[in-house]
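Novice: This is the structure, below, for whatever I ask next.
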Amino acid sequence: MICQLNISDKFKSLNFDKRKKKISFIILHYTETKTFEKAISLLTDTKRKVSCHYLIDVNGKIFNLVDLENRAWHAGESKWKNFKDLNSHSVGIEIVYPGEKSDSLYEKKQIKALINLMIFLKKKFNISNNRILGHSDIAPLRKTDPGKFFPWEQLGKFSLGLWVKTRGENTELTKNQYAKFLKNLKSIGYRYLSNKINNKKVINSFHRHHLPMLTGSPPNQSSLLKSIDILNLKRID
């Protein structure tokens, strides 16, 4: 599936500043727009002050909006493990997609292009799988992208990101198991766990990434076992 990358410099965003940290993360987003034209308009608007390094159209074409040596403004307030300001540490990739509320799948050409781009970036910057994340992973209180329809499992086949098979049953967690699950989420890297409302949003972000069918539902035995398996996987990553 790996092929030569064809990246266009046709469009550029002025929304960036100088990068001061080493690239060690890839952060994935959806544009929440129906069209490429609308996405370009938003990501180059100097009043909105948002941008990304790469934008992938529905036809699989890749556009470089901000050079990698610069810090694009795609993550906003964000945390993962002990990292803050993920903009400074990451490559931001936006995918033209209307949002998970559209109940639509990503285009196959988009995902093929994304996988090729990520393989290149992962190798170039020696990025570990536990640092390939969605916007909702690092900003769970306010973001849902790339959403529950994003094919993390497909990326996992190319060793891009953390993915383990689902096991267990839809059995309710005991109080102690729930506490262990939250502890596991923190160990994986999730932050903002502080109260019932915040915890629910963080759990939804975990489910969006790892158990999309449970998005909006309480965690169960599958959630707990998935978190355990991810931690075990990270030890050998």
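The values are calculated or read from the model by the stated rules, or taken from the named source; none is laboratory data. All of these numbers come straight from a predicted model, not from anything done at the bench. Here the Cβ positions follow ideal geometry from the backbone for every residue, glycine too, while neighbour counts run over all protein chains shown.
Novice: Please verify whether PHE149 is hydrophobic (A, V, I, L, M, F, W, C), farther than 21 Å from LEU105 by Cα and touching a residue at least 40 places away in the same chain (Cβ under 8 Å), treating the condition exactly as stated.
Specialist: Answer is no for this residue.
Novice: Okay, moving on. Got a sec? Which of LEU231, LEU160 is of a type outside the set (Phe, Trp, Tyr), part of a loop (DSSP other than H, G, I, E, B) and within 20 Å of ILE26 (Cα to Cα)?
Specialist: Among LEU231, LEU160, only LEU160 is of a type outside the set (Phe, Trp, Tyr), part of a loop (DSSP other than H, G, I, E, B) and within 20 Å of ILE26 (Cα to Cα).
Novice: PHE181 is checked against (1) surrounded by 19 or more Cβ atoms within 10 Å (Cβ to Cβ); (2) of a type in the set (Phe, Trp, Tyr); (3) not in a helix (DSSP H, G or I) and fails just one. What number does that condition carry?
Specialist: Unmet condition: (3).
Novice: Now a separate question. Report yes if some residue within region 109-125 is surrounded by fewer than 21 Cβ atoms within 10 Å (Cβ to Cβ) and assigned to a loop (DSSP other than H, G, I, E, B); otherwise report no.
Specialist: Scanning region 109-125 turns up no residue that is surrounded by fewer than 21 Cβ atoms within 10 Å (Cβ to Cβ) and assigned to a loop (DSSP other than H, G, I, E, B).
Novice: Within region 58-94, track down each residue that is in a loop (DSSP other than H, G, I, E, B) and either under 14 Å from the mean Cα position of the chain (by Cα) or among the basic types (Lys, Arg) (or both). Before the answer, list the steps.
Specialist: Taking region 58-94 and keeping what is in a loop (DSSP other than H, G, I, E, B), we get 58-61, 65-69, 73-78, 81-82, 85.
LYS61, HIS74, ALA75, GLY76, SER78, LYS81, listed by residue number.
Novice: Do you know which residues across region 195-219 are of a type in the set (A, V, I, L, M, F, W, C) and more than 16 Å from ASP145 (Cβ to Cβ)?
Specialist: Correct list: ILE197, ILE203, LEU211, MET213, LEU214.
Novice: Could I ask something else about it? On the basis of being part of a strand (DSSP E or B), under 20 Å from TYR97 (Cβ atoms) and in contact with a Phe, Trp or Tyr (Cβ under 6 Å, 6 or more places away or on another chain), does LEU55 make the cut?
Specialist: Details: part of a strand (DSSP E or B): yes; under 20 Å from TYR97 (Cβ atoms): yes; in contact with a Phe, Trp or Tyr (Cβ under 6 Å, 6 or more places away or on another chain): yes.
When the stated conditions are applied, LEU55 passes them.
Novice: Let me ask something additional. Among the residues of region 35-52, how many are in a loop (DSSP other than H, G, I, E, B) and at pLDDT 95 or above?
Specialist: The total comes to 6.
Novice: Considering region 189-213 alone, what residues qualify as being under 17 Å from LEU162 (Cβ atoms) and crowded, with 19+ Cβ neighbours inside 10 Å?
Specialist: Once the filter is applied, which keeps residues that are under 17 Å from LEU162 (Cβ atoms) and crowded, with 19+ Cβ neighbours inside 10 Å, region 189-213 yields GLY189, TYR190, ARG191, VAL202, ILE203, SER205, PHE206, HIS207, ARG208, HIS209, HIS210, LEU211.
Novice: Could you tell me how many of the residues in region 95-108 are in contact (Cβ under 8 Å) with a residue 60 or more places away in the chain and either among the small types (Gly, Ala, Ser) or assigned to a loop (DSSP other than H, G, I, E, B) (or both)?
Specialist: The qualifying residues number 4.
Novice: Right, next: Residues in region 35-46: is at least one in contact with a helix residue (DSSP H, G or I) (Cβ under 6 Å, 6 or more places away or on another chain) and crowded, with 20+ Cβ neighbours inside 10 Å?
Specialist: No.
Novice: Considering only residues that are touching a residue at least 40 places away in the same chain (Cβ under 8 Å), in a helix (DSSP H, G or I) and among the β-branched types (Val, Ile, Thr), which ones fall in region 184-228?
Specialist: ILE188, VAL202, ILE228
Novice: Of all residues in region 137-148, which are crowded, with 17+ Cβ neighbours inside 10 Å and in a loop (DSSP other than H, G, I, E, B)?
Specialist: First, pick out the residues of region 137-148 that are crowded, with 17+ Cβ neighbours inside 10 Å: 137-140, 143-148.
Within region 137-148, ALA139, PRO140, LYS143, THR144, ASP145, PRO146, GLY147, LYS148 meet the criteria.
Novice: Every residue in region 196-237 that is modelled with pLDDT of 95 or more, more than 17 Å from the chain's Cα centre (by Cα) and of a type in the set (Val, Ile, Thr), please.
Specialist: Within region 196-237, ILE197, ILE228 meet the criteria.
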